[in-house]
Amino acid sequence: MKHLLTGTAAAALIVLSGIASAQDLKMSHVRPQDATIDVELRAFSAAVADATGGDVNINLFPASALGDYTTVQERISVGAIDMATQPAATAADRRMQISSFPYLANSWDEARAAYGPNGPVREVMAGLYAEQDITMLAAYPVYFGGISLNTDPVNPGDPSQSNGIKVRVPGIKSFQLTGQALGYIPSPIPFSEAFTAIQTGVVDGVIGSGAEGYYASFRDVTKAYVPANTHFEVWYMIISNGSLAEMDPEDAEALKTAAAEFEAQRWTVAEEDQGKWEQRLADEVGATIVELTDEQLAAMAAKVRAEVWPEVLEDVGAEWGQAILDQLGQ
């Protein structure tokens, strides 16, 4: 009997050991459940579970359920949250503004050269995350940014004139200066308060997102959309170094491989996805999509580069930032 009990206990310990080695990871993202990123991350989570034989299970927390993206990045840095796919939080390091540098790219090809595999911006962002004890697993291209208005546009293609329209901008210097350069009156307002601010007339629009973001969060207060290509929006899939270190090495490699495949797939559909969301704003919301000529977009880019770039470069470190721009031929 003693032998039987010992054998049973040993078997139980083996089972328990197997259970203990499995990891349940929490991943935050900023969009509502069933949004594009939520659907794609669910597929990613399933791929990771399959590749690791169930050793790594990623549980999603949509709609910033674990906190706004700045808080989440801080908590990932200290290991309180495992993972996220979200914008870079510049409050942690002002140099992260390089990721949302206005008019850094003019086309999807230029965006991929900057933010895709081996791109200068992507490489430097990975280094900045590393300084915060965070590993970047993938870059997630979202869209070129634009302007959502709850009022009629005023000279939307002419950045030389002030249009008198007050817009919410993120609390990031580059967005504030870009709004001003394009003729708007920028008002830094937290994202959580932005919808109410538009609804109550505190501001008449938003700068800082793109068609998909405005559809997801501001469609009830969007009467017009100006696809001004203000910036290229990229989110990053990040993981706490502590959470990564706790993984079995083979599971960690499987996770990294799945993340690379997740990113590669996104680059194949992101441009088309942007067009679909602009169309949904028109068809489902009834928003007017303002058509801008190449000349108007070029005038916007030229004004922002002349007026905004020098100030943002000073903010991130002129020599450091210019070295990245030089790699991009800017």
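Since every read-out is calculated from the coordinates, none of them should be taken as a lab result. All figures in this text were calculated on a predicted structure; none of them were measured in a lab. Positions of Cβ are generated from backbone atoms using ideal geometry, with glycine treated the same way; all protein chains shown enter the neighbour counts.
The angle between the Cα long axis of helix 294-307 and the main principal axis of the chain comes to about 80°, on a 0 to 90 degree scale. Converting phi to 3J(HN,Hα) with the Karplus coefficients 6.51, -1.76 and 1.60 and the offset θ = phi - 60°, region 133-144 yields 6, 10, 9, 7, 9, 6, 9, 10, x, 10, 5, 7 Hz in sequence order, with x at every glycine or proline. Ranking of Asp133, Asp315, Asp294 by neighbouring Cβ atoms within 10 Å, starting from the fewest: Asp294, Asp133, Asp315. Modelled spin labels at Asn155 and Asn57, positioned 7 Å past Cα toward Cβ, are 5.9 nm from each other. Each Lys and Arg adds +1 at its Cβ and each Asp and Glu adds -1 at its Cβ; summed about the Cα centre, the chain shows a dipole of about 620 debye. Panel order for Thr230, Thr268, Thr151, by other beta carbons found within 10 Å of each beta carbon, from fewest to most: Thr268, Thr151, Thr230. Working ranking of peptides 30-43, 168-181 by packing, defined as the average number of other Cβ atoms within 10 Å per residue, highest first, is 168-181, 30-43.
Each DSSP beta bridge with both residues in region 140-223 is either parallel or antiparallel, and the antiparallel ones are about 45%.
With R₀ set to 30 Å, the beta-carbon distance separating Glu272 from Arg42 gives a calculated FRET efficiency near 0.90. Among the GluC sites (Glu not before Pro) within region 220-329, those in coil by DSSP and having at most 12 neighbouring Cβ atoms inside 10 Å are Glu291. A helix-only calculation puts the chain at -15000 deg cm²/dmol for mean residue ellipticity at 222 nm, using -39500 (n - 2.57) for each DSSP H run of at least four residues, averaged over all residues. How many percent of the alpha carbon pairs in the chain exceed a separation of 38 Å? Roughly 19 percent, once rounded to a whole number. DSSP finds beta bridges in the chain, and of those with both partners inside it, around 55 percent are antiparallel. Taking amide H as placed 1.01 Å from N in the peptide plane, Thr288 has its amide H under 5 Å from the amide H of Ala224, Tyr225, each at least 5 places away in sequence or on another chain.
The alpha-carbon of Lys256 sits under 24 angstrom from the alpha-carbons of these lysines, leaving out residues fewer than 8 places away in its chain: Lys26. The phi torsions of region 308-321, fed into the Karplus equation with coefficients 6.51, -1.76 and 1.60 and a -60° offset, translate into couplings of 9, 3, x, 6, 5, 4, 4, 5, 8, x, 4, 5, 4, x Hz, rounded to whole numbers, with Gly and Pro shown as x. Cross-link partners of Lys303 among lysines, defined as those whose alpha carbon lies under 27 angstrom from its own and excluding same-chain residues fewer than eight positions apart: Lys166, Lys173, Lys223.
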